[in-house]
Each structure stands twice: as C-alpha cells, then as structure tokens.
Amino acid sequence: MLRRSISPTVLLKVIIGLCLGSVLVTGCGPRLVGALTDPAKAMKPIHGSSRPALRDDGDVESLREAVRQSLAWLETEPPDREFVFGPRTVTAAQQSGSLRRLLDLLADDLTPDVLAERILSGFEVLESVGAADGAMLVTGYYEPVIEVAESWSPEYAVPIFAAPDDLIGVSLESFDPRFKGERIAGRLEGRRLVPYWSRAEIEDGRLTGRALALAWGRDPVDVFFMEIQGSGTLRFPDGREIRVGYAAANGRPYRSIGRLLIDEGKMAREAVSLQSIRAWLAAHPEERPRVLRHNESYVFFRRLDGPPVGSLGVPVTPQRSIATDARLFPPGALAFVRTERPMLSPDRRVEWRPVSRFVLNQDAGGAIRGPGRVDIFWGRGADAELAAGLMKQPGTLYFLVPRSAHRE
C-alpha cells in the first residue's frame, strides 16, 4: 500500500525530516552520532585479573532453553551476517557454532565453577561501557495477568487493541545505515506520511472502525502497565486465559509517568516503583487520565499461541532473557549480568539478594536506550512483579564473543 501511494524518494525525505526533528521516535537526530550509539564503542575488552568469575547462580535447564531460542533465531539469519561486539565482529555462523558448543557443555550438568572455566576457555569477555559516568542501571520486566471480558461493558471498558489497518511502520535502516535499529510509525493523509494518533487521540475514539479490540480490560492502569511490559495474560471471568504479545506501536516517544510525578513533586525519586505509582494513581483517580496520557506511546497487541516472545520473535525465558538497546548490542548473544533483586522474606519484608548469571540478549524496549541500561525478564507471578516493580539497581553487564572471532 505504501509503495503505491508515495514514491521512495519522497518517503525518504519525509523520514529524514521527521527524524531530524525528533518528531516520531526517541533516538533520532543528533543522538544517532557518537559513542552512545556506536556499537563499536559500546563494549570494552576485559583482560587478566580484571576478568570476572562468571559464576552462574541459576538453574541449568532455563539456560539451556534460552540458548536454544537464540540458536533458533540465529539459524534463520544469513550465515555471513555480521554482529558487532564492541571492537569485535562475528558472523551468524560463528555465533551459532559457539552456542551449539555451549549447549554441549550444558548437557554435562557441570558445577558453576567448572562451567565458568569452560566458557572462558571458548569466549572472550567484553564489558558494556555503561552510561556516561560508567554506571549500569539494571531493571526488570514481567508478564502481568489482567482481568478482561470479551465485549464492552461499563465494568470492562478499556480496549486492548490489535494493530490498526492504517498503521504504517518504517525501518529507517532500510534507507540509511546511520539509522540502524530505528523505526518510525505513521499513517497516510493523502500522499503524506504523518504521525500516528497519540494515546489521548486513541482513547478519544480515533481507532473506531480501524482496529479490533482483542478484549476489554477492567482497569486502565493494568492495561497501561501491560503495554510497558510488552506482553501479558488476559484472564476472562470464566477463568479462561489467553496470552498476548507486542504487535506494533504508534511511534510516539515513550515518556515516563514516574519521571512526571517526580518533576511535579508528587513523588520522591527514591520512592518511585511500579507498586508506588499504582498506589498513587489509585489514591488520585482524578489525576489518572492526565498522568497516563503523558506517555503518548501506545502499544498494540496480538494473540500468542505460546509464551511471551521478544523482539527476535522467539520466546523469552524467565530469568535468562534480557532486553538491551538494539542499536548497540548484538541480538541473540550470550551475556552475563551481575546485580541484585528483591525477594519477600517470610515476614513479608523486602530483602535484596545478589544475582549472577548467564543471560541471552533476546529483547528490546522503547525505554532501554544506551549502553548503560539492561532489563531482565522475570516471568510471571508475585516474585516476578516485585522484581519488575522495584529493580533500579546498579550492576555490570558482560558480553561473550567466540575466541575464534578475535581480531588481532
């Protein structure tokens, strides 16, 4: 439809104009140039005594599953496709070979210390450079369960929309490699590509006749946070459940409502979490529409036949899949994260426990930008929600590149 309506030359001019004006997508404009968006500068080698121990504290079967999913994706890619690991470059074939060898190691049920030793013998360790100050912020996300009905009623009045038929998504990388990992979304007005409807416009009815409601939610805050998580389980009144995952977004920039509440003096920075924002919105229902509409980004969903999937189109594995900036870090790659997570003690107090484990880079997110951010998928349930809601922790992120790909 797009090619018949507007020429590629005109479209490219529109796209570049929109990007340079930062109209539709976070990350366009000057931020596309420089260290923070150059994958060759996103990691640094680790040598000698600085090399981390890489002692895994998770279960082996979840790691096997995550590796299998990365392999499933890599084996659909051209064997000569290149992936940038900071100063290193490897092909899809090299990546696949290294992960297959890792699966062979995992079949032996090695102790964490022996596994680390074997992995270090086959992989070079690179560390993310972190943010401008060198810090790495580690957060979490999860699969929420929300109450829905099949049809609208005064009790269930919040639509969960499939992607509308007039939404056009464009990969900027297809037009210019400088825009790697960048996308915009819009709609046509005659022969012009214009920004898609904002959250407020969608909530005011702009999608009538253009999008199918997969279900109707009871609580607008539940639906809003499911959008941020990117997937969820819909639970109907009869107990039946279906899973939904990310289908598309309206292309508007993600704007944090937590940041809004901090800037307005309504919450202290250290108090902001998923749980505290929920509590604040429940205590101030008159403010809820304005605060939620502050985030113009709107996510559309599709029905899933299995578990949640990440940006690679393969299922994400609880406690093993991570989301990073797709412009900087290689998709499907083996990584290692060190941080801490919250857990409830028997007397219902929050305790922070260390996390040290191998993970696979299988997802991305609109708020996960730059080399100083990583988001861990925790799965579903109370513990997962707690981690996703409270984690804003310092940490360290390492990537492992096959030694055979080392460039002297």
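Taken together, the values in this text are just the output of simple stated rules run on the coordinates, not laboratory data. These numbers come from a predicted model, not from an experiment.
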Q: Please count, across the chain, the pairs of lysine residues with Cα atoms under 22 Å apart that sit 8 or more places apart or on different chains.
A: 4
Q) Which option, (i) 0.96; (ii) 0.99; (iii) 1.17, is the value of Rg/Rh (Cα atoms, Kirkwood Rh) that was calculated from these coordinates? A) (i)
Q | Under the Karplus curve 6.51 cos²θ - 1.76 cosθ + 1.60, θ = phi - 60°, whole-Hz ³J(HN,Hα) for segment 196-205, x wherever Gly or Pro sits | A | 6, 4, 7, 4, 4, 5, 5, 5, 7, x
Q) Taking Cα pairs under 8 Å and at least six residues apart, what relative contact order does segment 56-180 come out at, in percent? A) 16 percent
Q. Amide H of Phe161: which non-local residues (sequence gap of 5 or more, or other chain) have their own amide H closer than 5 Å, using H built in the peptide plane?
A. Leu214, Phe301
(Q) Using only DSSP helix segments of four residues or longer, with each worth -39500 (n - 2.57), what per-residue ellipticity at 222 nm results for the chain after dividing by its residue count and rounding to 500? (A) -7000 deg cm²/dmol
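Pull out a ≥ b ≥ c, the square roots of the eigenvalues of the alpha-carbon gyration tensor of segment 126-260, then state rounded if a/c is under 1.5, prolate if not and a/b is larger than b/c, and oblate in the remaining case.
It is oblate, given that a/c is not under 1.5 and a/b is not larger than b/c.
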Q. Is segment 226-353 rounded, prolate or oblate when judged by the Cα gyration tensor, a ≥ b ≥ c being the square roots of its eigenvalues, rounded requiring a/c under 1.5 and prolate requiring a/b larger than b/c?
A. rounded
**Q.** Built amide H within the under 5 Å cut-off of Ser321, gap 5+
**A.** Leu360, Phe377
(Q) Checking the a/c ratio against 1.5 first, then a/b against b/c, what shape does the Cα gyration tensor give for segment 31-150? (A) rounded
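Among DSSP beta bridges whose residues both lie in the chain, state the antiparallel percentage, nearest 5.
85 percent
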(Q) Could you tell me the relative contact order of segment 127-233? Use alpha-carbon pairs under 8 Å, at least six residues apart, and round to a whole percent. (A) 41 percent
Q.
For Cα pairs less than 8 Å apart in space and 6+ apart in sequence, what is the mean separation divided by the residue count of the chain, i.e. the relative contact order in percent?
A. 26 percent
**Q.** Amide H contacts of Glu127 (H built 1.01 Å from N, under 5 Å, at least 5 apart or other chain)
**A.** Lys44, Ile46, Phe399
Q.
Going by Cα centres, segment 235-303 and segment 356-393 are how many Å apart?
A. 17 Å
